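Novice: Structure in structure tokens, see below.
The values are calculated or read from the model by the stated rules, or taken from the named source; none is laboratory data. Keep in mind it's a predicted model, so treat the numbers as computed, not measured. Note that we place each Cβ from the backbone using ideal geometry, even for glycine, and neighbour counts take in every protein chain shown.
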Amino acid sequence: MTDTLYTGISQLVTPRPGPQRGAAMRELKVIENAALLVRDGQIGWVGPAAEAPRADHEHDLGGVAVVPGLVDPHTHAVWAGDRLADFEARVEGVSYETILARGGGIRSTMRATAAASVAELVALARPRLQALWDSGATTVEVKSGYGLDFGAEIRMLGAVHELAAEFTLVPTLLIHVPPTEGREAYVQAICEELIPEVAREGLATAVDVFCEKEAFSVAETRVILEAARTHGFATKLHADQFHALGGVELACELGALSVDHLEASGPAQVAALAASPTVATVLPGVTLHLGLPAAPARALIDAGACVAVGTDLNPGSSPVFSSGLALALTVRLCGLTPAEALSACTVNAAAALGLGDRGALVPGQRADFLALHSADWRDLAYTLGANPVRGVWMGGAPVTP
Ligand code: NIG
Ligand code: FE
């Protein structure tokens, strides 16, 4: 058993382990002049450097802040093609929903992705995941959802599995947009063919549905998520991005791990989430890129909900390649304090993936941590446009210079 003691930590900052709700999201533990002991890939000890135990190896970080590795609980990092023409059209005034209704948007990414091989998808996604990693994300969820047919969905999940040899990834089957004709038969085939196949092959841990006017109705979403539960999957929803149709209430009723987006959520949805263990995941990149209202993350925390943050990295609604930037944007766009944003991007984001073994720097958790350039951890929430992360450790091993 080898121990490594990290010293030279100006501040070690961590939320408590497990999902934090409401005011508890602000209650960080801050240890000044700290040390951190890594043992077998886990945190063995943290405390004041003056009280540190002896170790086989010692590594002096030179007086910088250390925080937990970030968890990105919502990405669509595997895609082919681009959405640059959509972007230009939107800037000139055409809405995201109009582009989608005309057969563009997500549907154009589906055509390009369906035409790509697994090897091409892997090569396209690798630098995106590397960018998230460099920004401090030590665990990243990746969704399918750009497959035109079930074969393409399986290829997307196959690409995620190949990439999981290089990154720590959590794969999700996303049921994204229905075909223009034959929706009923499509939903039935999802439940009777696609979900059972993904379960048999062990290709995903959760099933997610885009519940929206231009995608699946609440009734269709319920049928799909109930089939997912029958096959042992955890469930997630994209809901209330443009319209509050009832997806949040459905997520709470079904005990979904998380319900994500929430830009159109109001007091009723805030109250439902405050009374539910379902994590409310907000995606500030969408607010910035599509000019949507910010999700009511401030109201959610004030009401006592568990709020997480994700990049939603995707070509259409959130080309945000940095988990640190998502954290910093949540402070600006959603009114979270830096402490709340850190809890949202660590323990709460882990909870949104059903993971309780990471996100906090306490003994027994995975030794996923970040050394910042700064001696003050708040630079993580403050810095825009430069990377405040100097080094990333996963399972106790340094993974970036
Ligand atoms: O989370 N809203 C639905 N799905 C994605 C966007 C996908 C895309 O535009 O390509 C999202 O925003
Ligand atoms: Fe999404």
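Novice: Within the range 239-253, can one find any residue that is within 12 Å of ligand 2 (Cβ to nearest atom), closer than 20 Å to residue 19 by Cβ and either under 16 Å from the mean Cα position of the chain (by Cα) or assigned to a loop (DSSP other than H, G, I, E, B) (or both)?
Specialist: Checking the range 239-253: at least one residue is within 12 Å of ligand 2 (Cβ to nearest atom), closer than 20 Å to residue 19 by Cβ and either under 16 Å from the mean Cα position of the chain (by Cα) or assigned to a loop (DSSP other than H, G, I, E, B) (or both).
Novice: Just give me the residues in the range 305-326 being within 15 Å of ligand 1 (Cβ to nearest atom), part of a loop (DSSP other than H, G, I, E, B) and of a type in the set (A, V, I, L, M), in sequence order.
Specialist: Hit for the range 305-326 is 320, nothing else.
Novice: Filter the range 273-297 down to residues that are assigned to a loop (DSSP other than H, G, I, E, B) and touching a residue at least 60 places away in the same chain (Cβ under 8 Å) and give me whichever is surrounded by the most Cβ atoms within 10 Å (Cβ to Cβ).
Specialist: Result: 283.
Novice: Return the residues of the range 141-156 that are more than 16 Å from ligand 2 (Cβ to nearest atom) and not in a loop (DSSP other than H, G, I, E, B); say none if nothing qualifies.
Specialist: Of everything in the range 141-156, those that are more than 16 Å from ligand 2 (Cβ to nearest atom) and not in a loop (DSSP other than H, G, I, E, B) turn out to be 150, 151, 152, 154, 155.
Novice: Something else now. Among the numbered criteria (1) within 16 Å of ligand 1 (Cβ to nearest atom); (2) not assigned by TED's automatic domain parsing to the domain that holds residue 258, which one does residue 368 miss?
Specialist: It is condition (1) that residue 368 fails.
Novice: Scanning the range 74-132 for residues that are surrounded by 14 or more Cβ atoms within 10 Å (Cβ to Cβ) and acidic (Asp, Glu), which turns out nearest to ligand 1 (Cβ to nearest atom)?
Specialist: Per the stated criteria, the residue is 86.
Novice: Next question, about the same structure. Can you pull out every residue in the range 159-176 that is crowded, with 19+ Cβ neighbours inside 10 Å and either away from ligand 2 (no atom under 16 Å from the Cβ) or modelled with pLDDT under 95 (or both)?
Specialist: 159, 163, 167, 168 - these are the residues of the range 159-176 that are crowded, with 19+ Cβ neighbours inside 10 Å and either away from ligand 2 (no atom under 16 Å from the Cβ) or modelled with pLDDT under 95 (or both).
Novice: A follow-up question, please. Quick check on the range 328-352: of everything there that is under 11 Å from the mean Cα position of the chain (by Cα) and under 17 Å from residue 134 (Cα atoms), which residue is nearest to ligand 1 (Cβ to nearest atom)?
Specialist: Result: 345.
Novice: Quick check: is even one residue across the range 197-206 touching an Asp or Glu at 6+ places or on another chain (Cβ under 6 Å) and either part of a loop (DSSP other than H, G, I, E, B) or farther than 27 Å from residue 100 by Cα (or both)?
Specialist: The answer is no; no qualifying residue exists.
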